Structures are given as structure tokens and as C-alpha cells.
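Undergrad: I'd like to ask you about the structure that follows.
The values are calculated or read from the model by the stated rules, or taken from the named source; none is laboratory data. Note that the structure is a prediction, hence the values are computed from the model and not measured. Quick reminder, even Gly has a Cβ in these numbers, built from the backbone with ideal geometry, and neighbours come from all protein chains shown. Please note that ligands, DNA and RNA were not included when accessible areas were found on the heavy atoms of the full protein model with its side chains. Shrake-Rupley method; radii C 1.70, N 1.55, O 1.52, S 1.80 Å.
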Amino acid sequence: MNEIPSRYNPKETEDKWYSFWESKNLFAGKVDRAKKPFSIVIPPPNVTGILHMGHALNNTIQDILIRYHRMKGFETLWMPGTDHAGIATQNVVEKAIAKEGLKRQDLGREKFIERVWQWRQQYGSTIIRQLKKLGASCDWKRERFTMDEEYSKAVLEVFVKLYEKGLIYQGSYIINWCPRCQTALSDEEAPHRDVEGKLYYIQYPLKSADSRQLSAESCIVVATTRPETMLGDTAVAVNPKDKRYKHLIGKTLILPLVNREIKIIGDAIVDMKFGTGAVKVTPAHDPNDYAMGKKHHLEFINLMYPDGRLNENAGEYKDMDRFEAREVILEDLQEKGLLEKTEPHALSAGHCYRCHTIIEPYLSKQWFVKMKPLAKPAIEAVKKGKIKFYPKRWTKVYLNWIENIQDWCISRQIWWGHRIPVYYCKKCQEPIVSKIKPEKCPDCSGTDIYQDEDVLDTWFSSWLWPFATFYWPQETEDLKYFYPTSALVTAPEIIFFWVARMIMAGFEFRKEIPFKDVYIHGTVRDIEGKKMSKSLGNIIDPLEIINEYGCDALRFSLISITAQGQDVYLSKERFEQGRNFANKIWNASRFILTNLERENTKTDLCVFFKEKDLSLVNRWILSRFYSVLKEVEQNLEKFKFNEAANLLYSFFWHEFCDWYLELIKPEIKDQETQVVMFKVLEKFLRAMHPFMPFITEEIWQLLQGKTDSESIMVAPWPHIQEQIIDKKSEKKVAGLFETITTIRNMRSELEIPLHEDIEVKIYLNNKVKTAFMQSMQGHIIHLAKLSKLDFEQTYSHGQGQFVLVLKDMHIAVSLKNFDIAQYKAKINQRIEKNKSDIKAKEAMLKNKSFVERAPAEIVENERQKLQELKDSLKKLEGVRDGIN
């Protein structure tokens, strides 16, 4: 056997094996009709991105799936790539040129785009290098970018097809507008957040009223949260059923500060309980007001420039920022006696998903996709189970959104992105939708043609990702073989942005689903449950963890604590579990390799199992391994990654190391034990490989007599040997371990040091079980550290012993040379202390004030502590009563 160093060094190991895998082209997916394909497209990280814990979790899960299916004999492909991330990337480059004292407008569109490409060339591959450090086994030679030339062809193809089908249209509507980024945003890109605002009550005088002496009869009081937009009001609306205002419908008001005449209209949309029941109508700055404006044929007055400053329609408030204008307008209203009162008012406001600026509802001419026709097959596919969500609860979330889907605003007023393939003739202004710039206008033959300034929403390119990455619209062999893909692993926040739209695009352009399974993992949070962010200073950098603990430690720790679909609560200390497990695997493997004879590694286990009457201990460990392997497979197929990981952890640490290796030490050189010990280790390494690829490769390469594969990652997944699973043996040995554990616990309770041997007597009135226990006598003495072990059939109560009842047996530890009186006094003190603690906890939990006011998790925690105290008391009383 090769020498194995005394300590595992992940820094040396990881780069070495990753380079080896790449050099051997082991990540490559090839069309092989003899094999079933298993493919995943990576959720493309933004080209601006750097690896964070969310990426680490997401890509570890994908890598587990890919490595597992590769070993299971599938032809696997993990398609990598990055997203051009329109707004995010443009913002980054704008900040970079700002350091040179430049704005993008100073450079002009063409020069600015050149700078973005330069930036992408310099920094765009950072996230890819970091994913490699994570062990991601993507087929890197296939790496795609959503702005590369071939991919862009797919984007243009889709726009033209949808336009020709009547599913893309242009129109002036209220959209979400970010004054900071100066672009339109979809509803999904403008998430709402709760804001502490105010409700302002403003008097709007009737035309006939004397503005110097306003009364309740001569004005209407309007309640609004946005007084700055009142300059664009073109009506005041009341509910026609509202008796307070019914008689005023059709009357004329004078708009304060502007002195423009506006009508009072009746509309059922008005909530009579909100404010005063009268609302201002600003059709160009509110989606509900827009609808009323269309319905009642009102004037649409746009008050703002794209950067959020008020424009010429705001009169003397022109060029003021919207929030600055609010304060000045309120002062002016106050001065004129028109601001009746102000109240605190909680409200929900949309924010830009990139820069977090409060968005402005803004009347603007934009391009839209009609979504309802596209949504129908995407709804049916999920309802019929063609596409399954894990956990299942996300199915309802998906269906609720897609069944109420709105048209998608796809135009963005930025420069970085796929330019909308719409051209205009300067002569007749007719739009021409084309994948290439036309030489002349098809209507008037004009040759002065220019392109639409807007670019497409970033998601308009990424919704094509599952098939555009395979060079659609070409019908490539890869596309035919690997599409539909097998699974998608993603985060909950992009179910609407991305997952739903990919399903719709799959049906529209490929007439089939884009993937079969969607696994939605949770959010990575800090140990207190807060989302990780720079501003909170609670980020844990995965690259720092890899540097300190190793990649395998990071991967295993993340996966083992992440229940299906649940959020992950992380602290740096959590990664110690993965590091400790890696060390345990290394040390156990080193022990085995040090004691292994080369000739015993080449034996076929199945043949050996048939020809040999294996010892119970060896039958047990083989049975346990295959039983666990079976459960691991079942959990991986159900996307229960943490359960699969923890099964392997528990088996190796507690059963293989704590029990098996200790049990076999006396006969470790026996051929039978050598063969079994080696086979279990080698197969365990293969089963562990998808979770911890580096350490398993390192140890596996040191083994001789393994499979002929050049790497563990292309070695076959261990085949479950059903004939070796022996539940009777498992039950027998479980009983043996329970006996040994009980004796160990009795020693611990009596505070007898491990180096002191003790005498034990087991009373067992069952001939079959007695014979079994007697056959295991050597193992019990060895592992329980006994000087003497006797068996008797009938229990007789005697002095000077500590007795515990375990199912059908009595276990008695001899107490000779032991101060029983002193120990009993000590036990009684602990019992009294426990009773006192129980009494205090019960009093706390009977206190209604505590139960009602304390957070639910604290109350539950106290209940658990009470139960633990009761369990401890019962155990102590059992110890006391067992001492004779």
C-alpha cells in the first residue's frame, strides 16, 4: 500500500485533483445514445458576481446531483455560463468610469459598450474561477454567456417570432420606473417593502367657493400619501354610493397651487373607508388612477423627468427632486391654510431590486409581452405533474402567480444588453421588426433607418437558457439529446423572474418542458436568522472557509444542516463539523491502509460472501453499509440531500469507526476481516464522493485493488447487494451494542475511570440470547473495558452491586472497593437539585404573563428544558434504586 501522510492537507489536495479532472476532460458531456442523459443548466450567475454562501449551497447541490448521476452511469452534462446582468453590470461600469470623472453620456453609447466589454474581459470570469474552487464539475468548455454572438441570435429570433405572433406590442402604460437607474422595471423587479409614511389631508375648493373662507360645504378634503403628484391631478374621485359626496359628482374643483379646474367623478374603485373617502386622481403617476383616467377620458399629465425631478408641468416646482418638492408643496399648502392635518400611515412601496431606490409609477411608452397565452401550457404541465417542485409547497406559489400573470414589460432604458430589434424609418416613422438592420423601409422605401434605443430586460435572454445554451434555433445533436434537461436547482426569489418564464419559453419554442424537477432550496442566513448582507456585516465568505477548513468541509457542513427547502442558519463554527468529519475519514482510512495486506484487496466481495461463512460482525457491517446505501439513494432521488449526507456520516463515524474498527482490532490481520474492511471503505468513498469529492479522490487513489476507473468520479456507484442485507444480524448486533453502551453508561454514572477494570454479571433467562451473548463475550470485555464478565440465568438480588434492567436482562456492576454510602449521598443531592429546578421551571410555565408575552420559541425552549430535567430525574432515581 502507498504511504498515507499523518495529516490531511486540503490545500494541496484540492487544486491537484481539480486540475487532474480537467486535464482528463472528465467533466465533459457527450452525445451517447447508448446511455440515458442527465443534464442541468446552471442558474447563470451575474457576470458581476462573486461567490457567496447562496452560490455555494446552490452549486454544491447541483454538483452532488451531477456527480451522483455520473457514477450511476448516466451521460451527464452540467452546462455552465454567466448572465450579462444588464442593470447590475451597467451600474458597476458607470461607477468605474465615475472615478475618471466621466458619465456614460460623456463617452456615448458605442464607447461605453466597449468599456463594458473590456470590464467583462477583465473581471467577468471571477465567479467561474470561484466555482471551480468549490469543486463544480461543469463542462467548462461549453461555457455560455447571454451576450455572446450565437446566444444573441436566439434572443432576436424569439423577439421576432413573438412579435409576428402578436404577443409583443408597444404601448404607453403605467410602469415601475427607477429614477436612479432611469429604466423601466417589471413588477418582479420592484418588490414592495413596508415604509412608515404619512397621510396628508388637503382641501380642494369647489369652483364656486371663496378660497379665503373655505368650509366643509365649500371644499372636498382629499387624503393622499403623495402630495407632490397633486400637481398632475386631473380629477377627484368618490364612490357613487357614498352619500357624503354623491351630490357633488360632476361639480368642478380648483386644484390647489396650480389653480387648474378639475372635475369630481364617481367610480366604484374608490374605497369609502380610506381617508375621507375622496381621492385625487393622477393618471400619469398611479396604476389605479391610470385605469380611471382611461375609463373617464381624463387628461394624462406627466410631472417628472426620468431622474425623478419635477418637469415643466410642475410650474414653479420645476427641477426639484420629487421628495424635495413634497416638502415645499406641503409648506405652501400649510401657508395657504389648505393642509388640514397629517397622520402617520404605514404603506408598502415598490423598490428597485438593484439600487433599492423607491420606484416611481410612471407613464411611459414601453414594449410588452402578452403572457396569458404563454402561461396556459405552463400551468397544465405543473398541474399534471410533468414538472414537479421540491418541496411540494412551491407548486401552490408558482400556480398562484402564473394563474394571475400580468403582461411583462421587457424594454429597459439602459445601454448594456440586447438592443430591441425594432427599427424606424425617419421619413414615415413606421416600426420595422427585424433580426438585421433593413436597408430601406418596406412602406416608403426610405433609407434613413435607425434602431430603437432601448434594450431588452435581462430576463428576456435568460428565460431561453435551457435551450439557447445548446445553440437553438439550430437543431443541434446536443439539443436533441440533452433537452429537456433533468433538474433545475434554484432559489425561491427567482421562481417568477426565471423558473416560470423558462417553462413558458420551453413550451412556446420547443413544444415541451425545459426540465422535469425543480428543487427550491432555502436562503442562507446567519445564526440569528438574519439574511447575510454587507450592510449587516454578517457575511461568511465561502472562499475564506475553503482556505481555512477545505472545500469538502464547506460542502458537507452546508448540506448536512440544510433540510429540504428550509433556510440555512450559519455560523463559522458550523464548518468545524465538516472539517472534523474529513479528518475522521482520513484517520480511519490511514489506519486501514496501514494494516492492509495487498493481496486481500483484489477479492470479489460477492464471490467471497458466497464462499465464506462470515463472522457476525463482518456480516453486520456489510449489511449496515448496504442498508444505509439503499436509504442514501432513496433520499437523493427525493432531493433530501441533508438526510443522505447525515446517513453516510452516522454510518461511517458511529458504526464503522466507533464500533466496527474497534471490534475487529484483535483480528485485523485475518483475511476475512481484511477483505470486508477494505471493501466497505472503498465503497463508502464512492458513496461519499458526490458530497466530498476531493478527500474521497485522494484516499481512493491510494487504494490498490479498486475499480479500473482513472478517477473515483467516473467509477461506478456502489451496487446495492440485496442478498447481503441481513436484518437479523443487524438486530442481533444492535442488541450487543446496547448492552455495551449500558455498561459504559453505568461506569460513567459511577464515575469509574476507563483505566480501571470492572466486573460485570449479566442475568439473562433466554438460552438463545445467552448463547449469543456468550459468543460475544470477548467483544464485550474488550469494548466495555471489563476485568471479568459472567452470565447467569436467574437474577438474584444481592448487596454490593449496581443493577440496571435492560429489556429481558439485568446488568450488575460489582461495587467492591466502592464507597456506596458516599455515592448514594451524592446522587440524592443531585436528585434534590433536579426536583428544585423542575419546580422552578413549572412555576415559570404556569405564569400566564410569561407564556403570553415571551416569544413562542423561548417558551418552547423552556418546555424542552423542563422535559430534559424530568428525564434526568428519572435516570438519577433509577441509578439510586439500582445500587444495593
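Undergrad: Leaving out ligands and nucleic acids, and using a 1.4 Å probe, what accessible area per residue does segment 263-313 come to in Å²?
TA: Details: 2370 Å² over 51 residues.
On a per-residue basis, segment 263-313 sits at 46 Å².
Undergrad: Which one, I168, L255, T126, is farthest towards the positive end of the dipole of the chain when Lys and Arg carry +1 and Asp and Glu -1 on their Cβ?
TA: Value computed over the given set: I168.
Undergrad: Just want to confirm a number: the relative contact order over the chain, from Cα pairs under 8 angstrom separated by 6+ residues, in percent.
TA: RCO, the chain: 12 percent.
Undergrad: Averaged per residue, what accessible surface does segment 643-693 expose to a 1.4 Å probe, in Å²?
TA: 25 Å²
Undergrad: Within segment 578-647, which trypsin sites (Lys or Arg not before Pro) sit in a loop by DSSP and count at most 15 neighbouring Cβ atoms inside 10 Å?
TA: K602, K612, K638
Undergrad: Here is a follow-up. In the chain, what % of DSSP beta bridges are antiparallel (nearest 5)?
TA: On the way: 66 of 95 bridges.
Of those bridges, close to 70 percent are antiparallel.
Undergrad: Something else: Write out the GluC sites (Glu not before Pro) in segment 556-626 meeting two conditions: DSSP loop, and at most 15 other Cβ atoms within 10 Å of their Cβ. Please report the intermediate quantities before stating the final value.
TA: Working: sites: E573, E576, E597, E599, E611; in loops: E597.
Loop-located and lightly packed - E597.
Undergrad: Sorting check: for 859-871, 134-146, which peptide has the highest mean count of neighbouring beta carbons within 10 Å, and how do the rest follow?
TA: Per-residue Cβ counts within 10 Å, averaged per peptide and sorted highest first, yield 134-146, 859-871.
Undergrad: Same structure again: Only helical DSSP H runs with n ≥ 4 go in: add -39500 (n - 2.57) per run for the chain, normalise by residue count and round the 222 nm mean residue ellipticity to 500 deg cm²/dmol.
TA: Values: 29 runs with 366 residues, N = 884.
Helix-only estimate at 222 nm: -13000 deg cm²/dmol.
Undergrad: How large a share of the accessible area of segment 139-288, in percent, is made up of carbon and sulfur atoms when the probe is 1.4 Å and the other protein chains stay in place?
TA: Answer for segment 139-288 is 48 percent, counting heavy atoms of protein chains only.
Undergrad: Describe numerically, in nm with one decimal, the distance between label points set 7 Å from Cα along Cα→Cβ at S796 and at Q723.
TA: It is 5.1 nm.
Undergrad: Leaving out ligands, DNA and RNA, and with a 1.4 Å probe, what % of the accessible surface on segment 541-648 is carbon or sulfur?
TA: Carbon and sulfur together cover 40 percent of it.
Undergrad: For the chain, what is the per residue volume of the convex hull drawn over the alpha-carbon atoms, in cubic angstrom?
TA: Given the Cα convex hull of the chain, per-residue volume reads 235 Å³.
Undergrad: Taking 0.36 nm per residue of separation and subtracting the Cα-Cα distance, what length does fully extending A28 through Y201 add?
TA: Length gained between A28 and Y201: 55.6 nm.
Undergrad: D726 accessible area, nearest 10 Å², 1.4 Å probe?
TA: 50 Å²
Undergrad: Report, to two decimal places, the Cα Rg of segment 326-442 normalised by 2.2 N^0.38 Å (N = number of residues).
TA: Expressed relative to 2.2 N^0.38 Å, the Cα Rg reads 1.72.
Undergrad: Roughly speaking, to the nearest percent, how much of segment 57-127's 1.4 Å accessible area is carbon and sulfur?
TA: The value for segment 57-127 is 49 percent carbon and sulfur by accessible area.
Undergrad: Given a Förster radius of 25 Å and the C-beta distance between S775 and Q671 as r, what FRET efficiency does 1/(1 + (r/R0)^6) yield to the nearest 0.05?
TA: In this case the efficiency is close to 0.75.
Undergrad: Using a simple charge model, +1 on the beta-carbon of Lys and Arg, -1 on the beta-carbon of Asp and Glu, nothing else, what dipole does the chain show about its Cα centre, in debye to the nearest 20?
TA: 1780 debye
Undergrad: What distance in nm separates the two pseudo spin-label positions at E868 and K383, each 7 Å out from Cα along the beta-carbon direction?
TA: Calculated label separation equals 5.0 nm.
Undergrad: Using Cα pairs closer than 8 Å and at least 6 residues apart in sequence, work out the relative contact order for segment 664-809, in percent.
TA: On the way: 101 pairs, mean separation 25.5, N = 146.
Worked out over segment 664-809, it gives 17 percent.
Undergrad: Then there is this: Using the heavy atoms of the protein chains alone and a 1.4 angstrom probe, what is the accessible area of segment 788-884 per residue in square angstrom?
TA: Values: 6420 Å² over 97 residues.
Value for segment 788-884: 66 Å² per residue.
Undergrad: Can you give me the C-alpha center-to-center distance between segment 225-285 and segment 104-146, rounded to a whole angstrom?
TA: Using only Cα atoms to place each centre, the spacing works out to 51 Å.
Undergrad: Could you tell me how many degrees, from 0 to 90 and to the nearest 10, lie between the Cα long axis of helix 575-595 and the main elongation axis, the longest principal axis, of the Cα atoms of the chain?
TA: Here the helix axis deviates by roughly 40 degrees.
Undergrad: Which value in Å is the Kirkwood Rh of segment 95-228 over different Cα pairs?
TA: Hydrodynamic radius (Kirkwood, Cα only) of segment 95-228 equals 21.8 Å.
Undergrad: Taking +1 at the Cβ of each Lys and Arg and -1 at the Cβ of each Asp and Glu, which of A56, T601, A346 sits farthest along the dipole of the chain towards its positive end, judged by Cα position relative to the Cα centre?
TA: T601
Undergrad: With respect to the cross-link table entries K372/K392; K386/K511; K612/K669; K839/K870; K826/K875; K103/K534, which display a Cα-Cα separation exceeding 21 Å?
TA: Those over the limit are K372/K392; K103/K534.
Undergrad: So for segment 64-143, Kirkwood radius off the Cα pairs, Stokes-Einstein at 4 °C and 1.567 mPa s: how many µm² s⁻¹? Walk me through the intermediate numbers first.
TA: On the way: Rh = 15.1 Å.
This corresponds to a translational diffusion coefficient of 86 µm²/s.
Undergrad: Nothing charged except the Cβ atoms of Lys and Arg (+1) and of Asp and Glu (-1): what's the magnitude of the dipole of segment 507-658 about its Cα centre? Round to the nearest 20 debye.
TA: Magnitude of the dipole: close to 160 debye.
Undergrad: Separate question: Once amide H atoms are built 1.01 Å from N in the peptide plane, which residues 5 or more positions from E340, or in another chain, come under 5 Å H to H?
TA: Y201, I202, Q203
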